[in-house]
Amino acid sequence: MNSASRWSRLVAGGRPSAPKETNREADRDRQFAVAATQAKAPVLNAPAPAFYRFKLGTIEATVVSDGPLSIGDPKNTFRGPTAEELSKMMSDQFLPTNNVVLDQNVLVINTGDKLALFETGMSSVKRNDDMGRLVANLKQSGIEPADVDAVIPTHAHIDHIGGIMAADGSRNFPNAQIYISQADLEFWTDDKRLGTPAEGSALAARKNLIPNRDRIVFYKDGQEVLPGVQAMHTPGHTVGHTSFVVNSGGKSLFVVGDLMHHVILVERPRMEVGFDTDPKQGIETRVKVMDMLAAQRMPALVYHLPWPGIGHFAKQGDGFRYVAEPMRLVL
Ligand SMILES: [Zn+2]
């Protein structure tokens, strides 16, 4: 049997049949088999560290995971394509066709003067133990939650503000001020959201924002919220959704938030997103911002794209192409 047909049997899940006659290749295969059965190292059953550290100019940046967030059938999220078209788009990305799974990549920056984090995950409202891991993972990365000065969610959805508080109602970041837009605070704490499909985020806002009202600072479009961190109002996903440009030493990183939250939106950015408060405005903002990032070749941190969510957007056809930045494991 030639090697090509043995490989195709292997990828089909079958066992390669033994060659008819003994040769050097078969001897080597047998040696590997013996080595495998003699291996005695314990199975570690421990996940990889859930943080990634890099430099941005003089800023020390760390992406810390809150864990994956499953949001179910793609047709609940993406509007426009038929169910079959959506299945094909998911399958073309080698993803399950019946469940959208989002990463939650929290960016932490240490400017030397301030320790700030963007987004907070789900710890007060977690649905299972895969999520709500931000605090444990921060500690694993060497960052003490009590040292955080500023918590900067891009908007007030459940998976962005849900980790301001812990499940037991205590504060995860007891010494931090919380930066959010006035429009989102008012929208998501309004009684009108109760009893609607947006209720989950409304309840999370009550649990996480209202008890911290005296710690909230409103950010505004164009404002430098911290030295080197500039707010850019990017509405549509929510009324007050805001992205940020982080600048240091001639380097920039764009904190996208949820303008772009799944790989199938990269190629088809004009699909409506079910969770957008104003889906048409969401499309307009998404295309405008991705155009800007492509033209300026500015790297982006995307909360929900595959870990650690850092990469570039380039123009391709009517949409874009996402190129993940190589992870660098030497600082
Ligand atoms: Zn989100």
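Brief remarks follow.
- FRET efficiency, 1/(1 + (r/R0)^6) with R0 25 Å, evaluated for residue 55 and residue 224 via beta carbons: 0.75
- Taking every lysine pair in the range 51-324 that is 8 or more places apart or spans two chains, those with Cα atoms closer than 14 Å amount to 5.
- Placing dummy labels 7 Å off each Cα toward the beta-carbon, the span from residue 40 to residue 270 is 6.5 nm.
- Against the chain, whose longest principal axis comes from its Cα atoms, helix 83-92 is set at around 60 degrees.
- Remark on the chain: Rg and Dmax equal 22.9, 80 Å (Cα only).
- Zone residues, the range 260-295, relative to residue 325, backbone N less than 20 Å from point 7 Å out along Cα-to-Cβ: 260-263, 266, 289-295
- Label-reachable residues, the range 258-283, where backbone N falls under 14 Å from a point 7 Å from residue 85's Cα toward its Cβ: 265, 267-273
- 303, 219 arranged by Cβ crowding within 10 Å, fewest neighbours leading: 219, 303
Quick note: the coordinates plus some simple rules give every number you see, no bench work behind them. From a predicted model like this one, the values you see are computed outputs, not experimental measurements. Cβ atoms come from the backbone with ideal geometry, glycine included; neighbour counts cover every protein chain shown.
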